[in-house]
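A quick write-up on the structure given underneath.
The values are calculated or read from the model by the stated rules, or taken from the named source; none is laboratory data. These numbers come from a predicted model, not from an experiment. Ideal geometry is used to build each Cβ from the backbone, glycine not excepted, and the neighbour counts take in all protein chains shown. Accessible surface areas use protein heavy atoms only, side chains included; no ligands, DNA or RNA. Shrake-Rupley method; radii C 1.70, N 1.55, O 1.52, S 1.80 Å.
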Amino acid sequence: MRPLLFNGNCVTCHHTSRTISAPSIVEIKENYLRAFPQKEAFVAYMSTWVAKPNIETSIMHDAIDKYEVMPDLGFDISTSRDISAYIYETDFSQIEPY
């Protein structure tokens with residue numbers, strides 16, 4: 001279910017290995033892992049931010065300066081947590097680029 005949520009909602013803007021219209025998911029994951037190396041904190045912070053994106057709570061201000069703040073996609077916190085956990089758990093370097 002988590003891969004479907006991620007692929008169905010995130011990869012349009014957040015490609016797994018390259019930057020298109022927003023930072024790649026690899027870049028995002030690296031930034032979040034530096035700030036929140038433990039899974040619980042990573043998932044909690046990312047899911048809260050994705051559920052209600054805003055500039056003040058972003059840890060990626062350079063990306064916002066370049067691409068603007070991510071739009072509010074209307075995800076509930078449960079969906080955001082599932083996607084965030086999938087990002088934490090997944091080694092995107094092992095996924096075939098599309």
When the scattering of the chain is computed by the Debye formula from its Cα atoms alone, each counted once and equally, what is log10 I(q)/I(0) at q = 0.10, 0.12, 0.22 Å⁻¹?
-0.23, -0.33, -1.30
What distance in nm separates the simple spin-label points at Asp72 and Ile59, each placed 7 Å from Cα in the Cβ direction?
2.3 nm
When the accessible area of the chain is split by element with a 1.4 Å probe, what percent falls to carbon and sulfur?
55 percent
Heavy-atom accessible area per residue, the chain, 1.4 Å probe: how many Å²?
61 Å²
Only helical DSSP H runs with n ≥ 4 go in: add -39500 (n - 2.57) per run for the chain, normalise by residue count and round the 222 nm mean residue ellipticity to 500 deg cm²/dmol.
-16000 deg cm²/dmol
Region 57-98 shape via C-alpha gyration tensor axes, a/c threshold 1.5
oblate
